[in-house]
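The values are calculated or read from the model by the stated rules, or taken from the named source; none is laboratory data. Model, not experiment: these values are computed from the prediction. Heads up, the Cβs are rebuilt from the backbone with ideal geometry, glycines too, and the neighbour counts pull from every protein chain shown. These accessible areas exclude ligands, DNA and RNA; they are computed on the full protein's heavy atoms, side chains included. Shrake-Rupley method; radii C 1.70, N 1.55, O 1.52, S 1.80 Å.
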Amino acid sequence: MAEVIKMENINKYYGDYIKTQVLYNINLQVEESSFNSIIGASGSGKSTLLNILGTLDRPSDGKVFIDGNEVSSLNNSQLAMIRNKYIGFVFQFHYLLSEFTALENVLLPYQIGRKTVPDEIKKRAEELLDIVGLTKVKNNLGSKMSGGQQQRTAIARALINNPKVILADEPTGNLDSESTENVYTLFRDINKKFGTTFIIVTHDRKIAEKTDRIIEVRDGKIFLDYTK
């Protein structure tokens, strides 16, 4: 199976005068259509690793490849285009625009750099809202939905550009146990239906055990890499 993301010898430092190293010589390959988790304690480096995977942050040393393209040397506008084309993000906080409807929020990533939204994209947005179980509330404002509904809207939004990879950073951290189970069932269904690669950062080992591959980060290094 082809690699969709590859990291080679990644190091990350913060600070100009007193440097603090956060990641140490990370080498990682992620296959297309795989379902992965990254676990680790607070401060282990797992969120920094995810941010570099998603081109939200740059490595201090090393290279990042997305769909075979080396991206770590690209400028900010080029990286923004890569993110919009290849990667969907789901965060712990859904970041919906409260004055926009669920449907309008889902369409936002597509509208970046475009003046109009064609009918086929509107139809895709409605289909995605149906997949996440929100057809009946598609015209509700972001502020008029439950936490679980808001997070499912964020998942549909992450899928609107048909990304190869979904990066999810503690996506159920603010949800109750039932909504958490629903979200992870939804992730798995999307993984199977569209072949979307998932990389889920979590501190919860029970959640990680639902994935096919567990990558544990300790002190900025890959401590464990286990595939079922």
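Between Val117 and Leu97, the modelled labels are 0.9 nm apart [label points 7 Å from Cα along Cα→Cβ].
Per the 1.4 Å probe, what fraction of the accessible area of the chain, in percent, lies on carbon and sulfur atoms? If you can, show how the numbers build up before the last one.
Values: 5590 of 11670 Å².
On the chain, the fraction of accessible area on carbon and sulfur atoms equals 48 percent.
Placing a pseudo-label 7 Å from each Cα along the Cα-to-Cβ vector at Arg58 and Phe194 gives an inter-label distance of 3.0 nm.
In what sequence, highest mean first, do 176-183, 74-81, 42-49 appear when ranked by Cβ atoms within 10 angstrom? Intermediate values should be presented prior to the final figure.
Details: 176-183: 15.0, 74-81: 12.1, 42-49: 19.1.
Put in order of decreasing packing, that is 42-49, 176-183, 74-81.
The packing ranking of peptides 67-73, 121-127, 102-108, highest mean first, is 102-108, 121-127, 67-73, where packing means the average number of other beta carbon atoms within 10 angstrom of each residue.
Computed from phi, the 3J(HN,Hα) profile of the range 214-227 under the Karplus parametrisation 6.51, -1.76, 1.60 (θ = phi - 60°) reads 10, 10, 9, 9, 10, 6, x, 10, 6, 8, 9, 9, 10, 10 Hz, with x in place of Gly and Pro. How much net charge surrounds Gly148 when only other residues with a Cβ under 10 Å from its Cβ are counted (Lys, Arg +1; Asp, Glu -1)? Every neighbour counted, the sum reads -1.
Helix content alone sets the calculated 222 nm mean residue ellipticity of the chain: runs of n ≥ 4 DSSP H residues at -39500 (n - 2.57) each, divided across all residues, give -10000 deg cm²/dmol.
At an R0 of 30 angstrom, the distance between the Cβ atoms of Asn75 and Tyr226 translates into a FRET efficiency of 0.25. Dipole size of the range 36-108 about its Cα centre, with +1 on Lys/Arg Cβ and -1 on Asp/Glu Cβ: approximately 160 debye, rounded to the nearest 20. Once the Cα atoms are used to define both axes, helix 76-86 deviates from the longest principal axis of the chain by about 60 degrees.
Taking the C-alpha atoms only, the angle from helix 102-111 to the longest principal axis of the chain is near 50 degrees. Placing +1 on each Lys and Arg Cβ and -1 on each Asp and Glu Cβ, with no other charges, gives the chain a dipole about its Cα centre of roughly 280 debye.
Could you state the orientation-averaged shadow area of the convex hull built on the Cα atoms of the chain, in nm² to one decimal?
Working: hull surface 51.7 nm².
Computing the convex hull of the Cα atoms and averaging its projections yields 12.9 nm².
The share of Cα pairs per 5 Å bin across the range 104-228, counted from zero up to the longest distance, runs 2, 10, 19, 21, 19, 13, 8, 5, 3, 0 percent.
Please report the net charge: other residues with Cβ closer than 11 Å to the Cβ of Tyr226, K and R +1, D and E -1.
Surrounding charge for Tyr226 is -2.
Using a 7 Å offset from Cα along Cα-Cβ at Asp130, what residues in the range 182-206 end up with backbone N under 19 Å from the label point? Taking a point 7 Å out along Cα→Cβ of Asp130, the residues of the range 182-206 whose backbone N falls under 19 Å are 186-187, 189-195. Annotation for Lys19 and Leu108: the two label points, set 7 Å from Cα along the Cα-Cβ direction, are 3.7 nm apart. Accessible area ranking (1.4 Å probe, heavy atoms, ligands and nucleic acids excluded), largest first, for Tyr17, Tyr110: Tyr17, Tyr110. Couplings 3J(HN,Hα) for the range 174-190, derived from phi with the Karplus relation 6.51 cos²θ - 1.76 cosθ + 1.60 (θ = phi - 60°), are 10, 10, 6, 5, 5, 5, 4, 4, 5, 5, 6, 5, 5, 4, 5, 4, 5 Hz, where x marks Gly and Pro. Taking Cα atoms, how many degrees apart are the long axis of helix 147-159 and the longest axis of the chain, rounded to 10 and kept between 0 and 90? Approximately 70 degrees, to the nearest ten. Let me make sure I get this right: for the range 1-136, a, b and c are the square roots of the gyration tensor eigenvalues over alpha carbons, sorted descending. Under 1.5 in a/c it's rounded, otherwise prolate if a/b > b/c, else oblate. Which is it? Here the range 1-136 falls in the prolate category.
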